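The values are calculated or read from the model by the stated rules, or taken from the named source; none is laboratory data. Computed from a predicted model, the values in this text were never measured in an experiment. Don't worry about glycine lacking a Cβ; one is built from the backbone with ideal geometry, like all the others, and counts go over all protein chains shown. Note: areas computed on protein heavy atoms with side chains; ligands, DNA, RNA excluded. Shrake-Rupley method; radii C 1.70, N 1.55, O 1.52, S 1.80 Å.
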Amino acid sequence: MNRQILFLRPSRRPMFRIVLLLIAFVCSGTLRAEDEPNGAPANRPLMAYVGTFSSPLGDVPPTQVDLPAGNGRGIHLFEVDRNSGALKAAGTFDLGVSPDCLVVNAAGNRLYSSNETDRFGDAKQGSVSSFAIDPRDGQLTLLNTVASEGDGPTYVSIHPSGRYLFVANYFSGSIAVLPILSDGRLGNATDVQYGEGNVGPTEATNAPPGSFAISGHDGSHAHMIQSDATGRYVLHVDLGMDRIFVWKFDATTGKLSANTPASVSLPPGDGPRHFDFHANGHWMYSIQEEGSTIVLFDYDSDAGRLTQRQTISSLPPGFQGSNFCSEILVSDDGRFVYAANRLHDSIGIFAIESDGTLRQVGNEWTRGDYPRSFNFDPSGRFLYVCNQRADNVTAFRIDRDSGLLEFTGNYASVGNPSCITFVDLAENHQSVHEIRRVAAPEAHQAVAVDETSFYAISNRAIARYDKQSGKRVARWDAPNGSEIKHLNSGIVKDGRLYCANSNWPTKPLKNSIEIFDAKRMEHLQSKPFAETEGAINWVDRHEGAWWVAIAFYGEAEVRRTKLVRYDKQWKETGEWTFPESVIQRFLPMSNSGGCFGPNGDLYVTGHDHAELYLLDIPANGNELKHVATVPAPIAGQGIAWDFDDLGVLLGINRASHEVVFMRSTGAIEPLR
């Protein structure tokens, strides 16, 4: 029996919730007695996982200045006190190697580690391991370990589709793509690549006065790899070449190919190490290890192109001497950038101005030595620093208004900590994984679905496809001269297909809801809509009401985007705006798609990011609540839940003109 359980948040409809729980009971076979009552989700802990340097390398270049003693014991587990931020030791998992970088999947049920080791198998290379996370207590079960296809793996990240793991191998300068199998195990690499270019000088262009910070300019050193939010491009940093490479990524084959241009250069010798994207996907911040600088890039997600716009020191004004930068992260609310300084042993705090540029507002001592990395807890209220040479992790409370840090007084003893990541076992972590793709030339704006068919929607054409075979069976095209200009979404109710339509950005703006006979693909009616400022982007029918999203575009207008509820007579009965955390991910476009899921929750998309935004409609107030961001193997646009196959969601990839079938899964999954 398939024991996979759908992710289902508590519904506002008690009877429906009971039905869903019964479905989950049948799918799982049985409910484990040990889950009741102490193992119930609400009582499960917030877990922290700390990667460490545990097994010293014996064969490293003589220029390697950072040689950890190997004081760690593999992956260290902690339970996190949600109020104080304190870490309580909950065990270790010793691999006999140094798991220096950890990443958790969107479902919160799998953890992956890059492992530094002198040899794996018969080759001088590192390895990567996959683990199952027990949903009750967070303990780890090793699933498998595979070659990293390079020496000194130092960074791992997951593609937005959840189907691939990327690894950067520092000493060999290689990057690799590893497929994530259906059970979370890793397959052998589908691609291995090396950046091309010359090694930079040993002295950094922008180093502070008196600096002797020389480390990685003896060869090519891949230090980080990560996809952009769309999933179409993968960026990797080579510290030795002073370059950030951009690769096109084919999520069907797992192959990388060089972009044009293939890379962007940083000042000679500055040594780019890590980067992080702003929530809007169009600003990227890179930190330079030896130059002690932060560089702001504008990012063109359509072309995968970086354009440098600002350079600022990571250190306080007047600093002189040696410093090695390490980590850089953008706060979830998109208001602050944090940067770690080793030797100065501080976290630099920078406010993000309206144009993305940075302004330093503070600098906090880490209460330790050589902060290799840091991370935020899931609530965004605490920041944890891994002080590599001090053998501890320290916790700081974040002032959400000023961005400043306040030491909580909490230390956790960890030998040579290198990274920290979190899983909240009390939350139902949602994820979606791809089932199949169907080529559909009309899949440009949205998709709709009923019990037998799916409907690929473009600006002025709709095609009906057989859901099982994927064959097109009918098509409708807007007549010449028709007012139908820009079909944006579709839902099928009682045999009728309803599509939102607008002529945006034409003035005067006209909106309508176009109604079709779904089976015969005949246009039945055009319902004009009174809105004359924003564009109607999607429509849904839920709990006896009509719901319409009215979108506004651009930095100055996007916050006017709203969700409006109407009764059966199309009289407005409610209106809500979108939270800033979602607005930042919409920019520079707006809300493109949306619909209510089988559990009654609202899912929306932006224009091109490979993710869904799970929203809650508050009982009081007029702003939607951002519950979760869920990576998905689509590129924004219109989505549709298949209510005849519970848990199946359809979306599109407009670049490849494909309809993507996905299944929603959750963290409550028995270990195999």
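Can you pull out every residue in segment 496-517 that is open to solvent by less than 40 Å² (accessible area, probe 1.4 Å) and outside any strand (DSSP E or B)?
Passing the criteria: 503, 509.
What pairs come out if I take residues in segment 286-314 that are charged (D, E, K, R) and pair them with residues that are open to solvent by less than 40 Å² (accessible area, probe 1.4 Å) and assigned to a strand (DSSP E or B) whose C-beta lies under 6 Å away, six or more apart or interchain?
Once the first residue is charged (D, E, K, R) and sits in segment 286-314, its partners that are open to solvent by less than 40 Å² (accessible area, probe 1.4 Å) and assigned to a strand (DSSP E or B) give 289/273; 289/324; 289/325; 309/296.
In segment 333-389, which residues are polar (S, T, N, Q) and in a loop (DSSP other than H, G, I, E, B)?
354, 357, 366, 379, 388
Cβ-Cβ under 6 Å, sequence separation 6+ or interchain: first residue in segment 209-220 and β-branched (Val, Ile, Thr), partner in a loop (DSSP other than H, G, I, E, B) and at pLDDT below 95. Which pairs?
Matching pairs, first to second residue: 214/202.
Given (1) in a loop (DSSP other than H, G, I, E, B); (2) surrounded by 19 or more Cβ atoms within 10 Å (Cβ to Cβ), where does residue 659 come up short, assuming only one miss?
In the conditions (1) in a loop (DSSP other than H, G, I, E, B); (2) surrounded by 19 or more Cβ atoms within 10 Å (Cβ to Cβ), residue 659 misses (1) alone.
Give the residue, chosen from 106, 89, that is of a type in the set (A, V, I, L, M, F, W, C), modelled with pLDDT of 85 or more and either under 25 Å from residue 410 (Cβ atoms) or in contact with a helix residue (DSSP H, G or I) (Cβ under 7 Å, 6 or more places away or on another chain) (or both).
The unique qualifying residue is 89.
Of everything in segment 71-92, what is at positive phi and buried (at least 16 other Cβ atoms within 10 Å of the Cβ)? Give them in sequence order.
Within segment 71-92, 74, 85 meet the criteria.
Mind checking which residues of segment 170-190 are open to solvent by 20 Å² or more (accessible area, probe 1.4 Å) and under 30 Å from residue 663 (Cβ atoms)?
179, 180, 181, 182, 183, 185, 188, 189, 190
Hey, can you tell me all the residues within segment 348-389 that are free of Cβ contacts under 8 Å to residues at least 24 places away in the same chain and of a type in the set (Asp, Glu)?
Listed by number, the residues that qualify are 353, 355.
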